[in-house]
Amino acid sequence: IAKEHISKNILVGDITHPRRIYIAHYDSVEKGATDNASGVAVLMDMIISGKCNERDLIIFSGNEELSYNKPTYWGEGFRAFEAEYMGIMEEADKIIIVDCVGNGKTIVSEDNHIKYLAFPINNLEYFQSKIIVVHGDMDKVMKVYHSEDDDINQLDELFMDEAVDVVHGIDLI
């Protein structure tokens with residue numbers, strides 16, 4: 001049964017010529033602490049602490065879980081951003097996706113399968129060379145994925161701090 005759901009992408013920073021684009025999705029099915037309030041928290045920390053460069057663009061993408069497009073039923077908000085802002089995606093040096101952090105060691109992945117799972121845009125192959133995915137323990141995520149168990153107890157403050165440091169450190173690569 002289809003549900004109507006209205007969601008917006010929230011853009012913060014340089015929307016004309018960003019050097020780096022950071023993206024986390026904010027909507028969730030069930031509680032969603034790991035998937036993906038954790039990613040939103042990391043990017044919010046970067047904004048509040050001033051760790052962002054003036055040429056960074058941070059996107060809080062809505063409508064990640066609820067989509068009715070086949071074959072990829074998730075990521076509608078990402079594809080909406082891509083459709084409207086393809087030019088700035090082309091111009092950016094890096095696109096950093098922050099998804100499901102804080103529940104284990106922070107991993108920086110350039111694996112194309114992980115990129116598809118975390119950021120299923122229409123032109124993924126075209127952008128793959130500039131996309132980096134920052135994530136936590138995906139095996140742990142899958143045990144609580146889209147359930148009532150994905151709550152604050154899944155997150156560890158040390159791993160959240162590590163994720164902030166890793167995401168900020170990508171700017172130095």
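The values are calculated or read from the model by the stated rules, or taken from the named source; none is laboratory data. Because the structure is predicted, anything quoted here is derived from the model rather than measured. In this analysis, Cβ positions are derived from the backbone assuming ideal geometry, glycine residues included, and neighbour counts consider all displayed protein chains. Each accessible area value is taken on the protein alone, full model and side chains, heavy atoms only, with ligands, DNA and RNA left out. Shrake-Rupley method; radii C 1.70, N 1.55, O 1.52, S 1.80 Å.
Check the stretch 49-56 and report whether any residue there is out of contact with any helix residue (DSSP H, G or I) (no Cβ under 7 Å at 6 or more places or on another chain), outside any loop (DSSP other than H, G, I, E, B), acidic (Asp, Glu) and surrounded by 14 or more Cβ atoms within 10 Å (Cβ to Cβ).
We begin by selecting, within the stretch 49-56, every residue out of contact with any helix residue (DSSP H, G or I) (no Cβ under 7 Å at 6 or more places or on another chain); these are 49-50, 53-56.
When the remaining residues are screened for being outside any loop (DSSP other than H, G, I, E, B), the result is 56.
Keeping just the survivors that are acidic (Asp, Glu) gives 56.
Now drop any that are not surrounded by 14 or more Cβ atoms within 10 Å (Cβ to Cβ), which leaves 56.
Looking through the stretch 49-56, at least one residue is out of contact with any helix residue (DSSP H, G or I) (no Cβ under 7 Å at 6 or more places or on another chain), outside any loop (DSSP other than H, G, I, E, B), acidic (Asp, Glu) and surrounded by 14 or more Cβ atoms within 10 Å (Cβ to Cβ).
Are any of the residues in the stretch 44-54 in contact (Cβ under 8 Å) with a residue 12 or more places away in the chain, hydrophobic (A, V, I, L, M, F, W, C) and over 19 Å from residue 89 (Cα atoms)?
Yes; the residues of the stretch 44-54 include at least one that is in contact (Cβ under 8 Å) with a residue 12 or more places away in the chain, hydrophobic (A, V, I, L, M, F, W, C) and over 19 Å from residue 89 (Cα atoms).
Of all residues in the stretch 7-27, which are open to solvent by 40 Å² or more (accessible area, probe 1.4 Å) and in contact (Cβ under 8 Å) with a residue 40 or more places away in the chain? Walk me through how you get there before you give the answer.
Pass one, the stretch 7-27, residues open to solvent by 40 Å² or more (accessible area, probe 1.4 Å): 8-13, 15-17, 19, 26.
Hits for the stretch 7-27 are 8, 9, 10, 11, 12, 13, 15, 16, 17, 19.
Which numbered condition trips up residue 106, out of (1) in contact with an Asp or Glu (Cβ under 9 Å, 6 or more places away or on another chain); (2) open to solvent by 20 Å² or more (accessible area, probe 1.4 Å); (3) within 20 Å of residue 20 (Cβ to Cβ)?
Only one criterion is unmet by residue 106, namely (2).
Could you please find all residues in the stretch 93-113 being among the aliphatic types (A, V, I, L, M) and in a strand (DSSP E or B)?
95, 96, 97, 98, 107, 108, listed by residue number.
Among (1) over 24 Å from residue 91 (Cα atoms); (2) of a type outside the set (Gly, Ala, Ser); (3) in contact with a Leu (Cβ under 8 Å, 6 or more places away or on another chain); (4) surrounded by fewer than 17 Cβ atoms within 10 Å (Cβ to Cβ), where does residue 70 come up short?
Every condition holds for residue 70 apart from (3).
Return yes when residue 116 is among the aromatic types (Phe, Trp, Tyr), in a loop (DSSP other than H, G, I, E, B), open to solvent by 60 Å² or more (accessible area, probe 1.4 Å) and over 20 Å from residue 40 (Cβ atoms) and no when it is not. If you could, list the steps in order and put the result at the bottom.
Details: among the aromatic types (Phe, Trp, Tyr): yes; in a loop (DSSP other than H, G, I, E, B): no; open to solvent by 60 Å² or more (accessible area, probe 1.4 Å): yes; over 20 Å from residue 40 (Cβ atoms): yes.
Spelling it out, it is not the case that residue 116 is among the aromatic types (Phe, Trp, Tyr), in a loop (DSSP other than H, G, I, E, B), open to solvent by 60 Å² or more (accessible area, probe 1.4 Å) and over 20 Å from residue 40 (Cβ atoms).
Yes or no: residue 162 open to solvent by 40 Å² or more (accessible area, probe 1.4 Å) and either among the charged types (D, E, K, R) or not in a helix (DSSP H, G or I) (or both)? First the steps, then the outcome.
Details: open to solvent by 40 Å² or more (accessible area, probe 1.4 Å): yes; either among the charged types (D, E, K, R) or not in a helix (DSSP H, G or I) (or both): yes.
Judged against the criteria, residue 162 is a match.
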